[in-house]
Amino acid sequence: MLNIVLFGPPGAGKGTQADKIKKHYNLTHLSTGDIFRKNIKSHSDLGLLAKSYMDKGNLVPDELTIKMLESEVKKHSESFGFIFDGFPRTKDQAIALDDFLNLNGTEVSKMIALNVPENELIKRLLDRGKASGRTDDQDENIIANRIKVYEKNTAILAEFYKKQNKLAEVNGLGSIDQITSRIYSAIDNL
Ligand code: AMP
C-alpha cells in the first residue's frame, strides 16, 4: 500500500495537490476538513460539534477526529492506499494513525511537506475565501488563528516523520503543475 501524508499550513495547496496525486497513484483521498464540512452541510451531530471549533479556526478534539478518520479508512478497505490531507494535525493523531495502520499491516509511506511562506498563505486563503465562500477563509483573524494553531500543534509533526526517515520537503511555490511534478519525484524516490 502507498500511504501519503500531505502536510503543510492552511493555504499550502494540499487539497489541490491531493486531487492530482490521488488520480496519478490511484489512491483514496481523505481530507478531514472536507469530511467535517460535509457533516456540517448534512447537519449531523458530528458536523454540529465540529462547526463550533472550525468557526474559530481551532482544532476539532483529537478523540472525535481520530475516530472519524479510522472509520473512513475502514470504509475503503479495498483501496490501493490513501492520501491523508489535513490529518494528522497533532502528535496524538500521528501516533493514532501509526498504530491504526500498523494494526492493519501497513504504515505511512511518506510525509510530503509543502513549504510556503506566511504572506503567500494569507493571500491564497483570502482568494480562496472569495471563490469558495468558506467563512474560515474570509476572516483575517480566523486565518491568523489557524496559522498560529498550525505553528503550535502541527508543525512539530515534520520532526516526527523525519525521525522515521519519512519526511520529504517540497517547495510549494510555483505553478500547480510544477509543484505536482516535485511531489511525484518525491513519491517515486521512495
Ligand atoms: P482544512 O480544510 O484542512 O483547512 O480544515 C478546516 C478546519 O477543520 C480546521 O481549521 C479545523 O478546525 C478542522 N480540522 C480539519 N482537520 C483536522 C484535524 N486533523 N484535527 C483537528 N481539526 C481538524
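Report, by residue number, each residue of segment 88-108 that is of a type in the set (Ser, Thr, Tyr) and away from the ligand (no atom under 15 Å from the Cβ).
Answer for segment 88-108, where residues must be of a type in the set (Ser, Thr, Tyr) and away from the ligand (no atom under 15 Å from the Cβ): just Thr106.
Does any residue of segment 181-190 turn out to be assigned to a loop (DSSP other than H, G, I, E, B), modelled with pLDDT under 95, loosely packed, with under 13 Cβ neighbours inside 10 Å and of a type in the set (S, T, N, Q)?
For segment 181-190, residues assigned to a loop (DSSP other than H, G, I, E, B), modelled with pLDDT under 95, loosely packed, with under 13 Cβ neighbours inside 10 Å and of a type in the set (S, T, N, Q): present.
Being exposed (fewer than 12 other Cβ atoms within 10 Å of the Cβ) and part of a strand (DSSP E or B), is that true of even one residue in segment 108-126?
The answer is no; no qualifying residue exists.
Step by step: first the residues of segment 66-87, then only those that are under 25 Å from Ser132 (Cβ atoms) and over 12 Å from the mean Cα position of the chain (by Cα), then the one that is farthest from the ligand (Cβ to nearest atom). Which residue is that? Give the steps one after another, and end with the answer.
Initially, segment 66-87 is screened for residues under 25 Å from Ser132 (Cβ atoms), giving 68-69, 72, 82-87.
Narrowing further to those that are over 12 Å from the mean Cα position of the chain (by Cα): 68, 72.
Values: Met68: 9, Glu72: 12 Å.
Checking each candidate, the answer is Glu72.
From Lys148, Lys166, grab the single residue that is open to solvent by 60 Å² or more (accessible area, probe 1.4 Å) and over 20 Å from Gly15 (Cβ atoms).
Among Lys148, Lys166, only Lys148 is open to solvent by 60 Å² or more (accessible area, probe 1.4 Å) and over 20 Å from Gly15 (Cβ atoms).
Among the candidates Ile142, Ile147, Ile156, single out the residue that is aliphatic (A, V, I, L, M), more than 16 Å from Phe7 (Cα to Cα) and within 16 Å of the ligand (Cβ to nearest atom).
It is Ile142.
Would you confirm, using the coordinates I've provided, whether Ile35 is over 16 Å from the mean Cα position of the chain (by Cα), open to solvent by less than 60 Å² (accessible area, probe 1.4 Å) and within 13 Å of the ligand (Cβ to nearest atom)?
Spelling it out, it is not the case that Ile35 is over 16 Å from the mean Cα position of the chain (by Cα), open to solvent by less than 60 Å² (accessible area, probe 1.4 Å) and within 13 Å of the ligand (Cβ to nearest atom).
Only residues in segment 127-152 that are under 15 Å from Leu59 (Cβ atoms) count as the first member; pair them with residues that are modelled with pLDDT under 95 and surrounded by fewer than 16 Cβ atoms within 10 Å (Cβ to Cβ), Cβ under 7 angstrom, at least 6 apart or cross-chain, and list the lot.
Ile147/Glu118
Sort out which residues of segment 42-55 are loosely packed, with under 14 Cβ neighbours inside 10 Å and either within 12 Å of the ligand (Cβ to nearest atom) or not acidic (Asp, Glu) (or both), and write them in order of number.
Scanning segment 42-55 gives Ser42, His43, Ser44, Leu48, Ser52, Asp55.
Could you list all residues from segment 78-103 that are polar (S, T, N, Q) and touching a residue at least 12 places away in the same chain (Cβ under 8 Å)? I'd like the intermediate steps shown before the answer.
Taking segment 78-103 first, the residues polar (S, T, N, Q) are 79, 90, 93, 102.
Answer for segment 78-103, where residues must be polar (S, T, N, Q) and touching a residue at least 12 places away in the same chain (Cβ under 8 Å): Ser79, Thr90, Gln93.
Six or more apart or on different chains, Cβ atoms under 9 Å: show the pairs whose first residue is in segment 35-59 and over 22 Å from Ala155 (Cβ atoms) and of a type in the set (D, E, K, R) and whose second is more than 9 Å from the ligand (Cβ to nearest atom) and in a loop (DSSP other than H, G, I, E, B).
Listed by first residue and then by second, the contacts come to Lys38/Ser44.
Test each condition in (1) of a type in the set (Val, Ile, Thr); (2) farther than 16 Å from Arg146 by Cα; (3) open to solvent by less than 30 Å² (accessible area, probe 1.4 Å) for Thr16 and report the one that comes out false.
(3)
The values are calculated or read from the model by the stated rules, or taken from the named source; none is laboratory data. This is a predicted model, so every value here is computed, not measured. With ideal geometry, Cβ positions are generated from the backbone for all residues, glycine too; neighbour counts draw on all protein chains shown. Heavy atoms of the whole protein, side chains included, go into the accessibility calculation; ligands, DNA and RNA do not. Shrake-Rupley method; radii C 1.70, N 1.55, O 1.52, S 1.80 Å.
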